[in-house]
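Input: a single structure, listed below in structure tokens.
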Amino acid sequence: MLTSRNIISGLFILALLVALFVASASPITSLLDWQSPFLSRCFFILMVSFAMCLFRLMRGPTPADRAVAIDTMGILIVGFCAILSISTGRGWYLDIAIAWALQSFIGALALAKYLEGRGFDE
Amino acid sequence: MNNIIGYTFVVLGLMFDIIGCIGLIRLPDVYNRLQATTKCVTMGTCSILFGTLIIKGFTATGLKAFLCILFLLLTAPVAAHALSRGAHISGVKLWDKSVCDKYEEDK
Amino acid sequence: MISRLILFVIGFFIWTMLSWPPDLQHAIIGVIVAAFVAFITGDLFTSRPANFAHITRYLWFVYYVPVFLWECFKANIDVALRVLNPKMPIKPGIVKVKTSLKSDTALTFLANSITLTPGTFCVDISRKEGVLYIHWINVKSTDTEQATKLIVEKFERILKRIFE
């Protein structure tokens, strides 16, 4: 039972990576107006880290592992916004980054309260 | 010149990000995973933002990146601390080969 | 009242950085919003506003920042080498250390610094006894005194001069 779940999650991650390889060569990403292929490589590396977080989110034996994966993804999105703002030259991506950093902090605190098994008003 | 220094910081940050995520997969229990992700991912993202600050200079974008670094350095350790405390209270055990657990003894 | 004024100044400064370059319209909105926030949450911000007038505290803070960043960098290299090593040389455990700091801000900064320095990670604080529980990825000694000397001392010395 456990091994079948591992195999399914591994296949899902593999499919995600293949889809990323295909998408990085397709004309859809040219809509993002990359200034150099270097930044699209950065984009790809961050996507691989996201896939690893998703793997931990699926596999995680305890709820705490899943909470850690979600917190990590929240911080990675901030870096993602920074790279988007370098590559497109638009400053307002960093507004999203600041808002996301604060929001993911509050989300992590709420998850921690849930893990402790208390109400939110204590 | 600024671009070269900035892109160096971006590449360094990406390297630390991906190492933190490898740690998230390889290490054996929740607390060790939190060690890897808190240090490597937080500092990696701060390094990417610092690269943005150097590339853009002290314009609107650069100052926002600087503020974002401040917020991350203040909030990420607190969130990790809360998560680890929640994990310990919810009953997640340490790894089998751990040396000692003074927190369990004192509780 | 002084605590509210300090929070107003800090809030307005952050607002100006967010809406760079400064102009009249943004400045007016910033004054209104910062005054509102300072009016509501100002008395929670600091309990001893006289500390903000001491110049030596700012100088020690300036000394603290590069020490902290250098420890951060070492921590990253340390964790990266442990993760990428195929044998994974870790020996984790939770140890107990003592601290003599009392105020909330100082304890928060101490916990944050410990979390971002090599191999250590703060799990819980007990304020009454002045005890921190720390997850250590490579335990060098389980003794409380020895662990205190290895982990806490180099930050406590600086933070005592900044926040106490």
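The values are calculated or read from the model by the stated rules, or taken from the named source; none is laboratory data. What you see is a predicted model, and the numbers here were worked out from it, not measured in a lab. Glycine gets a Cβ as well: all are built from the backbone with ideal geometry, and neighbour counts include every protein chain shown. Ligands, DNA and RNA are stripped out before the accessible areas are found, and what is left, the full protein with its side chains, is counted by its heavy atoms. Shrake-Rupley method; radii C 1.70, N 1.55, O 1.52, S 1.80 Å.
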With a ≥ b ≥ c the root eigenvalues of the C-alpha gyration tensor of the protein assembly as shown, is it rounded (a/c under 1.5), prolate (a/b larger than b/c) or oblate?
-> oblate
Cα-Cα over 30 Å: which of B:K64/C:K149; A:K113/C:K149; B:K93/C:K74?
-> B:K64/C:K149; A:K113/C:K149
Mean other chain Cβ within 10 Å across B:42-54 is 6
Got a sec? Charge dipole of the protein assembly as shown, +1 on Cβ for Lys and Arg, -1 for Asp and Glu; which of C:A80, B:N2, C:W15 is way out at the positive end?
-> C:A80
Stretch A:I8-A:A51 to full length: gain in nm at 0.36 nm per residue minus the Cα-Cα span?
-> 14.1 nm
In the neighborhood of A:A51, defined by Cβ-to-Cβ distances under 14 Å, what is the net charge if each Lys or Arg adds +1 and each Asp or Glu adds -1?
-> +1
With a 1.4 Å probe on protein heavy atoms only, work out how much accessible surface C and B bury together, total over both chains, in Å² to the nearest 100.
-> 3900
Put +1 on the Cβ of each Lys and Arg and -1 on the Cβ of each Asp and Glu in the stretch B:66-107; which of B:T75, B:Y103, B:I89 then has its Cα farthest toward the positive end of the dipole?
-> B:T75
Can you check what the net charge comes to around C:K102, using other residues whose Cβ is under 13 Å from the Cβ of C:K102 (Lys, Arg +1; Asp, Glu -1)?
-> +1
Share of accessible surface on carbon and sulfur in the stretch C:54-163, whole %, 1.4 Å probe and ligands ignored, is 61
When the Karplus curve 6.51 cos²θ - 1.76 cosθ + 1.60 is applied with θ = phi - 60°, which whole-Hz ³J(HN,Hα) does each residue of the stretch C:106-116 get, with x for Gly and Pro?
-> 5, 5, 4, 5, 5, 5, 5, 5, 5, 5, 9
Just round it to a whole percent: the fraction of Cα-Cα distances in the stretch C:96-145 exceeding 11 Å.
-> 68
Two-site FRET efficiency, B:N3 against C:K87, from Cβ-Cβ distance with R₀ of 45 Å, rounded to 0.05 | 0.70
Helix-derived [θ] at 222 nm for chain C: sum -39500 (n - 2.57) over DSSP H runs of at least 4, divide by residue count, nearest 500?
-> -19500 deg cm²/dmol
With -39,500 (n - 2.57) per DSSP H segment of 4 or more residues and division by the full residue count of chain B, the 222 nm estimate, nearest 500 deg cm²/dmol, is -25500 deg cm²/dmol
What distance in nm separates the simple spin-label points at A:R59 and C:V67, each placed 7 Å from Cα in the Cβ direction?
-> 4.0
For chain C, report the accessible area per residue in Å² (1.4 Å probe, heavy atoms, rounded to an integer).
-> 57
Using a probe of 1.4 angstrom, how much of the accessible area of chain B is carbon and sulfur, in percent?
-> 67
C:N51 to A:I96: FRET efficiency via 1/(1 + (r/R0)^6), r the Cβ-Cβ distance, R0 51 Å, to the nearest 0.05?
-> 0.90
Could you pull out every one of the lysines with an alpha carbon less than 17 Å from that of B:K97, ignoring same-chain neighbours closer than 8 positions?
-> C:K87, C:K91, C:K140
Based on the mean of other beta carbon atoms within 10 Å per residue, what is the order of A:77-87, C:79-89, C:142-152, most packed first?
-> A:77-87, C:142-152, C:79-89
Within-12-Å neighbourhood charge of C:E71 [Cβ basis; K, R +1; D, E -1] | +2
Nearest-0.05 FRET efficiency for A:K113 and C:I2, computed from C-beta distance (R0 41 Å) | 0.80
So the A/B interface buries, both sides summed and with a 1.4 Å probe, an accessible area in Å² (nearest 100) of 3600
